[in-house]
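The structure appears right after this line, and notes come after that.
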Protein chains: 2
Amino acid sequence: MQSWKTLSRRTILNHSRYLVVEEHTVELPDGRVITSWPWVILPEYVNVVAVTTEGKFLCFRQGKYGLDEPSLAPVGGYLEAGEEPLTAAQRELLEETGYEAPLWISLGQYQVDGNRGAGTAHFFLALQAQRAAEPVANDLEEQELVYLEQAEVASALAKGEFKLLPWAAITALALLHLNREFASLA
Amino acid sequence: MQSWKTLSRRTILNHSRYLVVEEHTVELPDGRVITSWPWVILPEYVNVVAVTTEGKFLCFRQGKYGLDEPSLAPVGGYLEAGEEPLTAAQRELLEETGYEAPLWISLGQYQVDGNRGAGTAHFFLALQAQRAAEPVANDLEEQELVYLEQAEVASALAKGEFKLLPWAAITALALLHLNREFASLA
């Protein structure tokens with residue numbers, strides 16, 4: 001199974017550091033060429049499911065421009081220039097919640113859109129989190145920190161209360177990981 | 001917690017049916033106004049985790065332009081104009097695999113990007129799927145249908161072999177749903 005080739009690329013919209021659009025000329029594995037393939041560059045981001053030493057999940061109830069109503073959300077944010085994903089994850093956890101954690105597990109990195117790009121998500125599970133500082137409020141969104149039991153997180157996820165794709169994705173991946181860990185201990 | 005208001009919107013790039021970019025003037029709940037908020041319109045899509053009467057998961061090994069190497073993937077595709085998500089899901093399952101299923105469970109619908117939009121994903125779990133026709137090859141991608149056991153799917157997911165965000169998301173949500181169903185029967 002051969003991969004597709006990018007024969008050329010040009011920027012057709014340079015909006016800001018939040019959005020650049022390119023048009024690519026792409027050669028398919030069977031030799032066909034597509035001359036105006038749109039490619040969307042959005043910032044890379046991290047999300048973190050953090051579980052405290054007491055077994056509570058650190059979640060937010062927060063609004064987002066793209067959502068009609070508030071959603072449950074994990075910790076998250078954009079990578080800063082040159083920042084490693086794990087460093088960004090640890091920074092966001094501390095900034096947004098005031099918590100630090102000694103144990104970090106990667107839950108993978110995923111391209112957001114297989115056709116258009118649209119950024120990359122880096123997911124982490126932080127265990128044994130403990131309060132180390134006051135959170136810093138520097139995001140545009142209002143957000144309220146809530147402490148949920150694992151069963152409450154699972155129930156909220158099943159009811160669609162994590163309304164964004166990356167938030168549902170990392171929450172499901174974290175629950176599977178923790179269930180597997182639990183199963184392997186049983 | 002109040003939602004954000006869109007005060008005005010204008011199209012700044014009308015590329016094709018695959019991509020439109022708008023710029024919005026947005027009022028935050030605290031009264032601040034942002035005048036050039038980029039908003040990306042990508043097509044809505046469905047993904048389907050389908051499990052056969054023999055308990056096999058219908059997956060593809062396929063390439064995507066956005067991926068450097070092939071990935072495991074569920075069934076999926078764009079909604080056609082005016083098409084309901086469930087109808088699209090059933091159409092894609094039949095077209096891509098030749099299977100039909102009598103039992104469909106929604107695994108939710110999710111905005112892809114909370115800041116930029118970037119489309120909406122609709123996820124379904126199809127159970128008791130049975131072969132009804134020959135698949136139709138009409139996508140750009142080469143893809144090979146593979147039949148996996150649930151434990152193989154879980155293992156591949158944990159190893160990062162579902163490389164796109166929606167593919168990892170729906171697979172994790174489906175496994176959680178099936179685990180919960182199993183637990184409630186135990």
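Read the figures in this text as sums done on the coordinates, not as results from a lab. For clarity, every value in this text was computed on a predicted model and none was experimentally measured. In this analysis, Cβ positions are derived from the backbone assuming ideal geometry, glycine residues included, and neighbour counts consider all displayed protein chains.
Structure notes:
- Taking the Cα centre of the protein assembly as shown as origin and assigning +1 to Lys and Arg Cβ atoms and -1 to Asp and Glu Cβ atoms, the resulting dipole is close to 220 debye.
- Estimated inter-spin distance, B:E83 and B:R17, nm [label 7 Å along Cα→Cβ]: 1.0 nm
- Partner aspartates and glutamates for A:K64 [C-alpha distance under 16 Å; skip if fewer than 8 residues away on the same chain]: A:E96, A:D139, A:E141, A:E142, A:E144, A:E161, B:E27, B:D30, B:D113
- Summing Lys and Arg as +1 and Asp and Glu as -1 over all other residues whose Cβ lies under 12 Å from the Cβ of B:N47 gives a net charge of -3.
- Taking trypsin sites (Lys or Arg not before Pro) as exposed when their DSSP state is a loop state and no more than 14 other Cβ atoms lie within 10 Å, the longest site-free interval of chain B runs over B:33-158.
- GluC sites (Glu not before Pro) restricted to DSSP loop in the range A:96-158 with at most 13 other C-beta within 10 Å: A:E149
- Within a Gaussian network of chain B (alpha carbon springs, distance under 10 Å), most fluctuating of B:S36, B:S155, B:S106: B:S36
- Calculated FRET value between B:Q130 and B:E181, using beta carbons and R₀ = 22 Å, to 0.05: 0.65
- Among residues other than A:V146 with Cβ under 12 Å from its Cβ, the summed charge is -2 (Lys and Arg +1, Asp and Glu -1).
- For the range A:26-50 versus the range B:14-57, the gap between their alpha-carbon centres in whole angstrom: 15 Å
- Compared with the dominant principal axis of the Cα atoms in chain B, helix B:85-97 is inclined by about 50°.
- Between identical copies, the spacing of A:Y18 label points, each set 7 Å from Cα toward the C-beta atom, reads 2.5 nm from nearest to farthest.
- Charge tally for B:Q109 (other residues, Cβ to Cβ under 11 Å; Lys, Arg +1; Asp, Glu -1): 0.
- In plain terms, the residue of A:T25, B:T52, A:T97 with the fewest other Cβ atoms within 10 Å comes first and the most crowded comes last, giving A:T25, B:T52, A:T97.
- Cα gyration tensor, the range A:45-185 - rounded (a/c under 1.5), prolate or oblate: rounded
- Within a Gaussian network of chain B (alpha carbon springs, distance under 10 Å), most fluctuating of B:G117, B:G77, B:G31: B:G31
- Prolate/oblate/rounded call for the range B:1-112, Cα gyration tensor, a/c under 1.5 rounded: prolate
- Taking the fewest neighbouring Cβ atoms within 10 Å as the starting point, the ordered list for A:F162, B:F124 is A:F162, B:F124.
- Inter-copy label distances at A:V146, using a point 7 Å along Cα-to-Cβ, come to 3.8 nm with the shortest given first.
- Angle between chain A longest axis and helix A:165-185 axis [Cα atoms, degrees, rounded to 10]: 50 degrees
- Which listed pairs, of A:K5/B:K163; A:K56/B:K159; A:K163/B:K163; A:K5/B:K159; B:K5/B:K163, have C-alpha distances above 24 Å, in listed order: A:K56/B:K159; A:K5/B:K159; B:K5/B:K163
- Full-extension gain in nm, B:E142 to B:I34, via 0.36 nm per residue minus C-alpha separation: 34.5 nm
- Comparing mean-square fluctuations of B:A129, B:A121, B:A172 from a GNM of chain B with C-alpha springs under 10 Å, the top value falls on B:A172.
- For the protein assembly as shown: rounded, prolate or oblate by the Cα gyration tensor [a/c cutoff 1.5]: oblate
- Ascending list, in nanometres, of distances separating the B:E54 label from those of the other copies (7 Å, Cα toward Cβ): 5.1
- Distance between the pseudo-spin-label points of B:K159 and A:T53 (7 Å out from Cα toward the beta carbon): 3.7 nm.
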